[in-house]
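Asker: Below you will find the structure I want to go over with you.
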Amino acid sequence: MTGYGGRRTQAQRDAITVEIGYALLSAAFAAAVLFGAVAGPALLFQLPDTVEKVLLRAGLLAAPVLFLARVVSVLIRFPEQRLPERRGVGHTDGDTGRPGGQPSQPGRTSPDS
């Protein structure tokens, strides 16, 4: 795993594992809710056969599509939000002059601002 700047730390691997679990669980929940909303009336009420078939098939088609869309959308935005950006050693921010742009005291701005 040296293709993207070295090995991942244990914390990064744990974060990815948690994010995958979140993506799968939230996608399963969203797909179940959508299936229930679309196909639920066909299962709960006595409807004409054609309407029941259409609602069940629509639910069976829409739920997996939503599942995949949710998983992909959560996992695509994960790296840009949660993984720390790798900067070179000695990189400083122009505003503060400190590594990574951090002010000298947390919660305060630098005297330049």
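The values are calculated or read from the model by the stated rules, or taken from the named source; none is laboratory data. Here the structure is a predicted model, which is why all the values come from computation and not from measurement. Here the Cβ positions follow ideal geometry from the backbone for every residue, glycine too, while neighbour counts run over all protein chains shown. The area values use the complete protein model at the heavy-atom level, side chains included, leaving out ligands, DNA and RNA. Shrake-Rupley method; radii C 1.70, N 1.55, O 1.52, S 1.80 Å.
Asker: Take the conditions at pLDDT below 95 and open to solvent by less than 60 Å² (accessible area, probe 1.4 Å) and apply them to Ala31. Does it pass?
Answerer: The answer is no for Ala31.
Asker: Something else about it: Could you tell me how many of the residues in the range 34-59 are assigned to a helix (DSSP H, G or I) and either open to solvent by 80 Å² or more (accessible area, probe 1.4 Å) or on the phi > 0 side of the Ramachandran plot (or both)?
Answerer: Taking the range 34-59 and keeping what is assigned to a helix (DSSP H, G or I), we get 34-44, 49-59.
From what is left, the residues that are either open to solvent by 80 Å² or more (accessible area, probe 1.4 Å) or on the phi > 0 side of the Ramachandran plot (or both) are 43-44, 49-50, 53-54, 57.
Here the count works out to 7.
Asker: Of the residues Ala62, Ala27, only one is in contact (Cβ under 8 Å) with a residue 40 or more places away in the chain, small (Gly, Ala, Ser) and over 30 Å from Gly6 (Cα atoms); which?
Answerer: On the way: Ala62 fails: in contact (Cβ under 8 Å) with a residue 40 or more places away in the chain.
The conditions single out Ala27.
Asker: Now, a different point. One residue is enough: does the range 70-90 have a residue meeting the conditions among the aliphatic types (A, V, I, L, M), at pLDDT 95 or above and over 12 Å from the mean Cα position of the chain (by Cα)?
Answerer: Among the residues of the range 70-90, not one is among the aliphatic types (A, V, I, L, M), at pLDDT 95 or above and over 12 Å from the mean Cα position of the chain (by Cα), which makes the answer no.
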